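Asks: The following block contains the structure, expressed as structure tokens.
The values are calculated or read from the model by the stated rules, or taken from the named source; none is laboratory data. Bear in mind the structure is a predicted one, so any value in this text is a computation, not a measurement. Here the Cβ positions follow ideal geometry from the backbone for every residue, glycine too, while neighbour counts run over all protein chains shown.
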Amino acid sequence: MTKDAAKPVILWFRKDLRLDDNHALNAAHLSGRPIIPLYISEPEAGAGPLGAAQAWWLHHSLEALDKSLRQRQGRLVLASGEALDVLCALIRESGAGAVFWNRRYDPLGISIDIRIKQELEKQAIETRSFGGQLLHEPSRLMTGNGTSYRVYTPFWRALEGASEPEPPLDPPAKLRLASELAKSEPLESWKLLPMKPDWAKNFSDLWTPGERGAMERLRAFVEDALDGYKENRDFPAKQATSMLSPHLALGEISPARIWDATRGLSKRVSAADIVQFRKEIAWREFSYHLLFHFPKLASENWNDRFDGFEWRNDDGDFNAWCRGLTGYPIVDAGMRQLWRHGWMHNRVRMIVASFLIKDLMVDWRRGEAWFRDTLVDADPANNAASWQWVAGSGADASPFFRIFNPVLQGQTFDPDGDYIRAYVPELRELGAKYIHWPFEAPRSILAEAGIALGQTYPKPIVDHASARNRALAAYNATKDTASTRSSPRRAG
């Protein structure tokens, strides 16, 4: 054994909090060196500080990862500070000769990783980065002209036509974890959990953060909900979606593991259901492709026609939307589900986003920021790309003039009102005929249901028909420059 081979390797966990299908972990294991598992609380990790809801998730995910490592006679080292400073200090203390990590693809994360790799290599420290957070590297899946994709359908065809993703790696049966580790900061000192008030008290009713929770969620979805997924996924009252997005967001499960779970199911699940679910995974891939090539996806319009759009940005309207007090039941149910569980059904996300942007004419960036703070599955690529899609300003976006009618959306996708009743208890006694538009119900019907509009439940803060006309007029007043922005990146 050479002198360098005896030196520990630092395994730097980021948004890959798992042992399964972890390429950096596998490489560290195959190196034969003692492994020092490390997680760094960076002041501006990746796309910036975690939102409050995802910080709750991170606390429990780190606990779960540490438990898994302790079962293998190791533990997770926790440290806070600038990543380069933390790594250099740990290298001095432990004598480590290498640092391995899995790549991240957000702009700030890329720039941090490139700088760290350059600085450590100057010190003769081996640095190795790996894929595995996406099915395909965003720098490699390109059009025939060598440019990045701007339209989802060709991207999907290219991804579907590419070679099948490599089978996921099983976690090593045994790990050689370093016995003498650096001092670890107490997780509680990071204050990731809300205290008073504990607004996350209901999160654990729905979620089990950690790799085991992710695997159990995947198994349950494949066994119980994948069959019929294409038809059922749009109905928020049904348990018909995978609920894997928070686990993916912090890397407790890899997209390759999820993709692999959909193989070999043709005898009991239709091809249409499998393809539709895979397309949802591909949308995440497309979102990272966009973010990689357009780093300002969360702050600038992809289509600069929208730079001249005159937003109203009324604070009262925005606050009513955040609190689920708009007077439109499907919108209010979605926003209250978000507050209660840190998550919202995807169809309803589109409805509430359309309402904020087009009915209220509030800048999509305010909605994106609110979701980033309140979603347990907040994702720098998915969140920004999806908001720009609804706003009409993004790549391959829904046209701005496609303005959802919140009443019709509710009637179509929650016909019996079960989803609304679950999250808007004021309307629980109202029948299906009026539950989507209580403002049109006769007084006698409202009284029988115990509803006093403007008192127990708000009147609509805007008239949808008038708001639609107002939004279209503002859109038509903008200058059509028919241009988009793009910027090449490379991952560290």
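Asks: Given the condition under 20 Å from GLY51 (Cβ atoms) and of a type outside the set (A, V, I, L, M, F, W, C), answer yes or no: does some residue in region 407-415 qualify?
Replies: Step one: of region 407-415, the residues under 20 Å from GLY51 (Cβ atoms) are none.
No, because not a single residue in region 407-415 is under 20 Å from GLY51 (Cβ atoms) and of a type outside the set (A, V, I, L, M, F, W, C).
Asks: Need pairs with beta-carbon distance below 6 Å; first residue assigned by TED's automatic domain parsing to the domain that holds ILE357 and under 16 Å from MET335 (Cβ atoms) and within region 304-322, second assigned to a loop (DSSP other than H, G, I, E, B) and polar (S, T, N, Q); sequence gap 6+ or separate chains.
Replies: Short answer, once both residue conditions are applied: ALA320/THR326.
Asks: Hey, another quick one. Return a yes/no flag: does region 96-107 have any residue that is of a type outside the set (Val, Ile, Thr) and surrounded by fewer than 18 Cβ atoms within 10 Å (Cβ to Cβ).
Replies: If we filter region 96-107 for residues that are of a type outside the set (Val, Ile, Thr), which is where we start, we get 96-98, 100-107.
Within this subset, residues satisfying the condition of being surrounded by fewer than 18 Cβ atoms within 10 Å (Cβ to Cβ) are none.
No - not one qualifying residue is present in region 96-107.
Asks: A further question on this structure: List the residue pairs whose Cβ atoms are under 8 Å apart, where the first residue sits in region 358-385 and is in the same structural domain as ARG14 (by TED's automatic domain parsing), the second is assigned to a loop (DSSP other than H, G, I, E, B) and of a type in the set (Lys, Arg), and the two are 6 or more positions apart or on different chains.
Replies: Short answer, once both residue conditions are applied: none.
Asks: Quick one: in region 428-461, which of the residues that are among the hydroxyl-bearing types (Ser, Thr, Tyr) and in a loop (DSSP other than H, G, I, E, B) is farthest from VAL362 (Cα to Cα)?
Replies: TYR434
Asks: Can you pull out the residues in region 142-184 that are within 18 Å of SER68 (Cα to Cα) and surrounded by 14 or more Cβ atoms within 10 Å (Cβ to Cβ)?
Replies: Passing the criteria: LEU169, PRO171, PRO172, LEU175, ARG176, LEU177, ALA178, LEU181, SER184.
Asks: A further question follows. How about region 266-279: which of its residues are of a type in the set (A, V, I, L, M, F, W, C) and surrounded by fewer than 16 Cβ atoms within 10 Å (Cβ to Cβ)?
Replies: ALA271, ALA272, VAL275
Asks: Hey, another quick one. Quick check on this structure: which one of ARG257, ARG284, ARG263 is more than 24 Å from ARG365 (Cβ to Cβ), in a helix (DSSP H, G or I) and outside the structural domain of ASP396 (by TED's automatic domain parsing)?
Replies: Values: ARG284 fails: more than 24 Å from ARG365 (Cβ to Cβ); ARG263 fails: in a helix (DSSP H, G or I).
Matching residue, one of ARG257, ARG284, ARG263: ARG257.
Asks: Answer with yes or no whether ALA282 is under 15 Å from GLU160 (Cβ atoms) and surrounded by fewer than 15 Cβ atoms within 10 Å (Cβ to Cβ). Let's see the steps before the verdict.
Replies: Values: under 15 Å from GLU160 (Cβ atoms): yes; surrounded by fewer than 15 Cβ atoms within 10 Å (Cβ to Cβ): no.
In short, no.
Asks: Another question, then. Given the criterion surrounded by 18 or more Cβ atoms within 10 Å (Cβ to Cβ) and modelled with pLDDT of 95 or more, identify the matching residue among PRO442, PRO425, PRO458.
Replies: Details: PRO442 fails: surrounded by 18 or more Cβ atoms within 10 Å (Cβ to Cβ); PRO425 fails: surrounded by 18 or more Cβ atoms within 10 Å (Cβ to Cβ).
After ruling out the rest, the residue left standing is PRO458.
Asks: Taking into account only those residues within region 205-217 that are touching a residue at least 40 places away in the same chain (Cβ under 8 Å) and assigned to a helix (DSSP H, G or I), which is surrounded by the fewest Cβ atoms within 10 Å (Cβ to Cβ)?
Replies: ASP205
Asks: Continuing with this model, one more query. Looking at region 173-203 only, could you name the residues that are of a type in the set (S, T, N, Q) and either assigned by TED's automatic domain parsing to the domain that holds TRP339 or assigned to a loop (DSSP other than H, G, I, E, B) (or both)? Before the answer, list the steps.
Replies: Going residue by residue through region 173-203, those that are of a type in the set (S, T, N, Q) are 179, 184, 189, 202.
SER179, SER184, ASN202, listed by residue number.
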